1. Do you know which residues across region 420-434 are modelled with pLDDT of 85 or more and either surrounded by 21 or more Cβ atoms within 10 Å (Cβ to Cβ) or within 29 Å of R402 (Cα to Cα) (or both)?
2. Would you check if V390 is of a type in the set (A, V, I, L, M, F, W, C), surrounded by 17 or more Cβ atoms within 10 Å (Cβ to Cβ) and at pLDDT below 90?
3. Where in region 223-337 are the helices (runs of 4 or more DSSP H), entirely inside, with at least 2 residues that are in contact (Cβ under 8 Å) with a residue 12 or more places away in the chain and small (G, A, S)?
4. I'm checking my understanding of the structure. Among residues of region 122-140 that are among the hydroxyl-bearing types (S, T, Y) and in a strand (DSSP E or B), which one is surrounded by the fewest Cβ atoms within 10 Å (Cβ to Cβ)?
5. Out of all the residues in region 353-368, is one or more crowded, with 16+ Cβ neighbours inside 10 Å, of a type in the set (D, E, K, R) and either assigned by TED's automatic domain parsing to the domain that holds A168 or under 20 Å from S143 (Cβ atoms) (or both)?
6. Filter region 59-72 down to the residues that are surrounded by fewer than 16 Cβ atoms within 10 Å (Cβ to Cβ) and aliphatic (A, V, I, L, M) and list them by number.
7. Using beta carbons and a limit of 6 Å, which pairs, at least six apart or on different chains, have the first residue in region 428-443 and touching a residue at least 12 places away in the same chain (Cβ under 8 Å) and the second one among the hydroxyl-bearing types (S, T, Y)?
8. Determine which member of the set L433, L429, L384, L420 is hydrophobic (A, V, I, L, M, F, W, C), within 23 Å of L233 (Cβ to Cβ) and out of contact with any helix residue (DSSP H, G or I) (no Cβ under 7 Å at 6 or more places or on another chain).
Amino acid sequence: MNTPRRLALVSAVVWLAGCASGPDYKKPDIEMPAAWQFEEPFHIATPNDGALKGNWWETFQDARLNQLEQLALTQNQTLRIAATRLEQARQQVTVSAAGLFPQVSLQAGAARQKISANRPLSAYGTPSQSTVQNNFQLGFAVSYEADLFGRVRRTVEQARASSEQAGADFENAKLVLMSELAADYFNLRELDAEIDVVRQGIALQQKSLEFITDRHDLGVASGLDLAQQQALLDASKTQLELLQNQRMQYEHALATMTGTPAPQFKLEPALTLMTAVLSPLPVGLPSDLLQRRPDVASAERAVAAANAGIGVARAAYFPTILLQPNGGWDSNQIGNLLSAPSLLWSLGTSITQNLFDAGKTRAGVKIAEAGYTAAVANYRQTVLVAMQEVEDGIDGLAVLGRAGKQAEASVHSSQRVLDLANDRYTGGLDTYLDVITAQQTLLTNQRQMVQINGQRMLTSVYLVKALGGGWQGDTAQAAR
């Protein structure tokens, strides 16, 4: 072969080696709004103060919550499952990348064998003879797929994207776990505060029952007044039992999330919500969600993996080229095994080209392309849901802040109404029904105020989650 032809052949091989089947990945375009429709107490965050880094739950300044979160990080079984899946995905990258290199195996054998004298003749003029001899072998085999059409490279690309997706999934599992734990914790603390309110109401109603009983014994109050007050007290005690049952369920949920058997877990009551003060949360631009939310990063990496899958499927249209050099030694005496006359070798290659598969390859490509389309749609849907959750959190906190102020004012007004109703009943100006109504209103408004405070804490947790929490993972690199 003359020099120009050799150069042309080498150029063609190099060009093919630089190509890979299927389209190169390009991150799907998503139209993001310029800003959120928020109002006070929120403000646009800068890159320095907008990221809730690390242990974001410490923002709530609750020591018991911090302990539970750290316990969940080390003992939660769901998180351990996510961690093992991440490790599997990372090892799969190594498995796929191994296809880029030759596979070398060593072979050794020793046998003593007898050859039949009645075996078929290898030549008509040479009779077969029976022999007994040793056979010692030592050799190596090399197998290498020449990835001229990029099947292996696309497989590695797909595995890497899947590994990065698993990394984002792990961070998302951690974010969900930490958020749900914080939410259940504040639900429990809201119930602690509500139980405290109901108990105070029961104490007040018990005193009123004693008061009305004394008046009834003196003939001043009617039996109807006494029965009405007793019915109110019984109803409040029923509500107390129901609230305690709800608290027990949240306590058991916290036990499971922290990897602790429920019978061994106990969380003492505390009035955290009565003293909690929410700090304004800095909110970044909508486009920040593409970098900060692990579920968005996971969806984007799934698109990259699906795109690489198209290349893997299309590679089936091209031939598979295997290079298979072999070598070693073969001798009937172990002392001569490594001598030059015992040396053997072979150089070979095989090319396999599919000519007809009844549409199997084409269908595989169509399946991969459909998977890519679905992954893009899922990515865009994930971004839309992320923006919805942030908007819900921002608007929700603003509304709940105003509602909390109104609820506090209603409690003060209800207390004043109850004081006036007691005075007017004692003075004989009103019936005791007015006192009972005032007691019910006060208890209802007090519980409503506690519930609103609890909703504010929950909404804050979910807003932090919607903003991506403290996720600092760089494996997905969603900004690429």
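The values are calculated or read from the model by the stated rules, or taken from the named source; none is laboratory data. No experiment lies behind these values; they were computed from the predicted model shown. Reconstructed Cβ throughout: ideal geometry from the backbone, glycine too, with neighbour counts over all protein chains shown.
1. Within region 420-434, L420, A421 meet the criteria.
2. When the stated conditions are applied, V390 passes them.
3. Those helices (runs of 4 or more DSSP H) span 223-257, 294-314.
4. My answer is T126.
5. no
6. Across region 59-72, the qualifying residue is only A63.
7. Cβ pairs passing all conditions: Y432/Y425; V435/Y425; T441/S414; L442/S414.
8. When all the criteria are applied, what remains is L420.
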